[in-house]
Amino acid sequence: MNKYVKYGIIGVLTLGILYAVVYFLKQNSTPAQLYKTESLEKKDIVNKVIVTGKVIPEDEINIKPQISGIIDNIYLEEGVEVKAGDLIASIKVVPNEQSLNQAAGRVRNAELALNNAKIEYNRNKALFDKGVIASQDFNTQQLTFDQAQQELKNARADYQIIRKGSAGGSSSANTNIRATVSGTILEIPVKEGDQVIQSNNFNDGTTIATIADMSKMIFEGEVDEAEVGKLNIGMPLEISLGALEKNKFNAKLKFIAPKGVETEGAVQFKIEGDLVVNDSIYVRAGYSANASIVLEEKKDVLTLKEALLQFDKETEKPFVEIETGENEFERKELELGVSDGIDVEVVSGLEESAKVKVWNKLEKKDDTDD
């Protein structure tokens, strides 16, 4: 065989082997894991807290009876506008038999005492007119007589109060239940025939009606202890009501409870905000509501998705990995700013053009996941 042909065959085989080796190395040098990357972007970012609660009148007045008895008539209904002094209901007094008997006995004793004092007064007056007794002795007897008259008057008044509910014989003073303020009747929790109790040292008394000024409404809600430290009196609130989804109401934070209450293992603090009510929209007491409170807000800042962040196990400082070449990444520690729970402000550590590694998400390779 010609040596040139022989060398040619050897050369071709050598080239073939080299090509196969290069192809094999190229195929096996493809990165086993190709991570996706995402870019940073500039946007407005708002850190806000959502507080659940309800809308209620600022002041609710409970109307209670001045005497115990039974509801005789109810003249108004819930939802009616009233003015101070309007008649709401009337009470029929049902006296306690023992108390009534005692009051009647007191009246009889006072009458006996007065009759005796009158006899002594008349006898002493006759003696005084004749000059038999001194003026001082007569004055003492006259005082006793006057006191006996007053005691009878008091005993009769007490008897009338127990029997009819009023000392004047007319029961309207105590048994007519009237509005003490102007507003809307929110609730009448009693019915005709119900027994009611007056307020005393041992009992708050039965509520006949609840009245409130519906033009003065407040938002009342509870904030978690992790957020309450970021709130300040006077902060604006945006209120959305479950029953009026299309409407938004403005409010201003006016109260933050100084003491929290533990609820299901979490400490909650009550807050209140004055609600600006639109006259064209009727807001009912007790509507469920959400209040959006802006804690921090930044305009047109460099932001990054929080899901891209990683944290150092020792220092717990945030960092990301940025692309420096094909499947090559470099670690960059960050200084972060405002966060809304999805995006976070990047204060320093990255340029806007950086490509950030999605550390928990791989690209697809050959139609299958690596």
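The values are calculated or read from the model by the stated rules, or taken from the named source; none is laboratory data. These numbers come from a predicted model, not from an experiment. Glycine also receives a Cβ, built like all others from the backbone with ideal geometry; neighbour counts cover every protein chain displayed. Calculation scope for accessible area: heavy atoms of the full protein, side chains included, ligands and nucleic acids excluded. Shrake-Rupley method; radii C 1.70, N 1.55, O 1.52, S 1.80 Å.
Is it the case that Leu114 is in contact with a Leu (Cβ under 6 Å, 6 or more places away or on another chain) and under 30 Å from Lys299 (Cβ atoms)? Judged against the criteria, Leu114 is not a match. When the residues of the range 243-272 are filtered to those that are more than 14 Å from the chain's Cα centre (by Cα) and among the small types (Gly, Ala, Ser), the one that is farthest from Gly53 (Cα to Cα) is Gly265.
The set of residues in the range 40-55 being of a type in the set (A, V, I, L, M, F, W, C) and open to solvent by 30 Å² or more (accessible area, probe 1.4 Å) consists of Val46, Ile50.
Condition (residue is of a type in the set (A, V, I, L, M) and closer than 24 Å to Ala291 by Cα) applied to the range 201-210: is it met by at least one residue? No - not one qualifying residue is present in the range 201-210. Residues in the range 39-68 that are more than 30 Å from Asp224 (Cβ to Cβ) and at pLDDT 85 or above: 9 in all. The number of residues in the range 277-317 that are open to solvent by 60 Å² or more (accessible area, probe 1.4 Å), of a type in the set (S, T, N, Q) and more than 30 Å from Asn250 (Cβ to Cβ) comes to 1.
Taken together, the criteria place Val80 among residues that are within 30 Å of Tyr282 (Cβ to Cβ), out of contact with any helix residue (DSSP H, G or I) (no Cβ under 7 Å at 6 or more places or on another chain) and among the β-branched types (Val, Ile, Thr). Considering only residues in the range 179-209 that are assigned to a loop (DSSP other than H, G, I, E, B) and under 17 Å from Gly85 (Cβ atoms), the one that is most open to solvent (accessible area, probe 1.4 Å) turns out to be Thr180. Which of the residues belonging to the range 257-278 are in a loop (DSSP other than H, G, I, E, B) and without any contact (Cβ under 8 Å) to a residue 60 or more places away in the chain? Ala257, Pro258, Lys259, Gly260, Glu264, Gly265, Val276, Asn278, listed by residue number.
Given the criteria within 15 Å of Lys42 (Cα to Cα), open to solvent by less than 20 Å² (accessible area, probe 1.4 Å) and in contact with a helix residue (DSSP H, G or I) (Cβ under 9 Å, 6 or more places away or on another chain), does Val344 qualify? Yes, satisfied.
Taking the condition surrounded by 12 or more Cβ atoms within 10 Å (Cβ to Cβ), touching a helix residue (DSSP H, G or I) at 6+ places or on another chain (Cβ under 8 Å) and closer than 18 Å to Glu41 by Cβ, does Val320 pass? So Val320 fits the description; yes.
Of everything in the range 326-339, what is on the phi < 0 side of the Ramachandran plot and open to solvent by less than 70 Å² (accessible area, probe 1.4 Å)? Give them in sequence order.
Across the range 326-339, the qualifying residues are Phe329, Lys332, Leu334, Leu336, Gly337, Val338, Ser339.
Which members of the range 127-163 meet the condition of being among the β-branched types (Val, Ile, Thr), more than 27 Å from Gln198 (Cβ to Cβ) and open to solvent by 60 Å² or more (accessible area, probe 1.4 Å)? Val132, Thr140, Thr144, listed by residue number. I'd like the full set of residues that are in a strand (DSSP E or B) and surrounded by 15 or more Cβ atoms within 10 Å (Cβ to Cβ), limited to the range 210-237. Thr210, Ile211, Ala212, Met217, Ile218, Phe219, Glu220, Gly221, Glu222, Val223, Leu237 - these are the residues of the range 210-237 that are in a strand (DSSP E or B) and surrounded by 15 or more Cβ atoms within 10 Å (Cβ to Cβ).
This table checks each residue for (1) more than 30 Å from Asn139 (Cα to Cα); (2) of a type in the set (Gly, Ala, Ser); (3) open to solvent by less than 50 Å² (accessible area, probe 1.4 Å).
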site: Ala84; (1), (2), (3): yes, yes, no
site: Ile88; (1), (2), (3): yes, no, yes
site: Ile91; (1), (2), (3): yes, no, yes
site: Asn115; (1), (2), (3): no, no, no
site: Ile119; (1), (2), (3): no, no, no
site: Lys125; (1), (2), (3): no, no, no
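Is it the case that Glu296 is within 30 Å of Tyr35 (Cα to Cα) and of a type in the set (D, E, K, R)?
On the way: within 30 Å of Tyr35 (Cα to Cα): no; of a type in the set (D, E, K, R): yes.
So Glu296 fails the test.
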